[in-house]
Amino acid sequence: MLKLAGFIIGAVVGSFLGVCIHRIPRGESLIAPGSHCPKCGARLGAAELIPIIGYILVWGRCRHCRERVPLWHLILEVGSGLLFAKVLSSQGLTLSAINSLILISLAIVAAGIDSRHKIIPDSLTLPWMIVGLLMGAFSGGIQGIFSRALGVLALGGLVFLIAMVSRGGMGGGDIKFMALVGSFLGVPGGLASFAIACITGAIAGVILMALGIKSRRDEIPFGPFISLGTIITCVFSEQVISLVFPWLGL
Ligand SMILES: [Zn+2]
């Protein structure tokens, strides 16, 4: 039951995250005007606003001008649905599940915006770090805040040092994004996320260069890999941390 509810909530949230990915970089309001076709401006009807079903009803095309609705909208809705279902069914309706779901949502938006615009807006990271610290306070009082503040400093500091040494490999957006992850997951979860980001980023870089899609000089945004590492860590928290950092004993 929680699985089905999680999927539905996740699909609805995923639909909103798609709006965020499209509008935040353009400086548009997230609420008004309502969802519309970016080409002809036609407003979406009630049925078309339903996640997943709306997409299938119009066969992925605007009803008025036949403009294609990008497939990533559907992937985002189904993907968010599956992630929410998995987190809620394995962690229950708990504070730690809500903590994971907020961070997963932020990570999805950051990945979407960074992969298209090569920036991670401050509005996605800075204010939400306070939310991360507050979630720590709700779950562990003063000690909860402390462990997450440590996560902010350690993860933000780590990426800051790497950015200084590598000169251009990682930017300010990545530093703040990693600090955000630290504010939600503390040091162990943050480090696990970063380790997965580095491994998957390196593998993707090698594959893209081998296929000739990217050259050595092309910059591949790192944010989507931080997102991937973060989402994997949130969904498989215990397994990931015990796998990546067995010596931490956490
Ligand atoms: Zn249209």
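Just a yes or no: is a residue in the stretch 211-222 open to solvent by less than 20 Å² (accessible area, probe 1.4 Å) and of a type in the set (F, W, Y)? Within the stretch 211-222, not a single residue is open to solvent by less than 20 Å² (accessible area, probe 1.4 Å) and of a type in the set (F, W, Y).
The condition of being charged (D, E, K, R), modelled with pLDDT under 90 and either more than 15 Å from the ligand (Cβ to nearest atom) or more than 23 Å from I9 (Cβ to Cβ) (or both) does not hold for R116. On the stretch given as the stretch 29-41, residues that are within 10 Å of the ligand (Cβ to nearest atom) and farther than 17 Å from H73 by Cα total 2. Has the stretch 75-82 got any residue that is hydroxyl-bearing (S, T, Y), out of contact with any Leu (no Cβ under 7 Å at 6 or more places or on another chain) and touching a residue at least 60 places away in the same chain (Cβ under 8 Å)? No, the stretch 75-82 has no match at all.
For the stretch 42-100: of the residues being assigned to a loop (DSSP other than H, G, I, E, B) and more than 16 Å from the ligand (Cβ to nearest atom), which is most open to solvent (accessible area, probe 1.4 Å)? Filtering the stretch 42-100 for residues that are assigned to a loop (DSSP other than H, G, I, E, B) and more than 16 Å from the ligand (Cβ to nearest atom), the one most open to solvent (accessible area, probe 1.4 Å) comes out as L93. If I filter the stretch 165-181 for residues that are within 30 Å of D218 (Cβ to Cβ), at pLDDT 95 or above and among the hydroxyl-bearing types (S, T, Y), do I get at least one hit? No, the conditions are met nowhere in the stretch 165-181. Checking S193, S227, S237, S215 one by one, the residue that is on the phi < 0 side of the Ramachandran plot, free of Cβ contacts under 8 Å to residues at least 40 places away in the same chain, hydroxyl-bearing (S, T, Y) and not assigned by TED's automatic domain parsing to the domain that holds P25 is S215 and no other. Does V109 count as surrounded by fewer than 19 Cβ atoms within 10 Å (Cβ to Cβ) and in contact (Cβ under 8 Å) with a residue 60 or more places away in the chain? It is false that V109 is surrounded by fewer than 19 Cβ atoms within 10 Å (Cβ to Cβ) and in contact (Cβ under 8 Å) with a residue 60 or more places away in the chain.
The values are calculated or read from the model by the stated rules, or taken from the named source; none is laboratory data. Keep in mind the model is a prediction, meaning the values are calculated, not measured. Every residue, glycine among them, receives a Cβ derived from its backbone with ideal geometry; neighbour counts consider all protein chains shown. Only protein heavy atoms, including side chains, enter the accessible area calculation; ligands, DNA and RNA are left aside. Shrake-Rupley method; radii C 1.70, N 1.55, O 1.52, S 1.80 Å.
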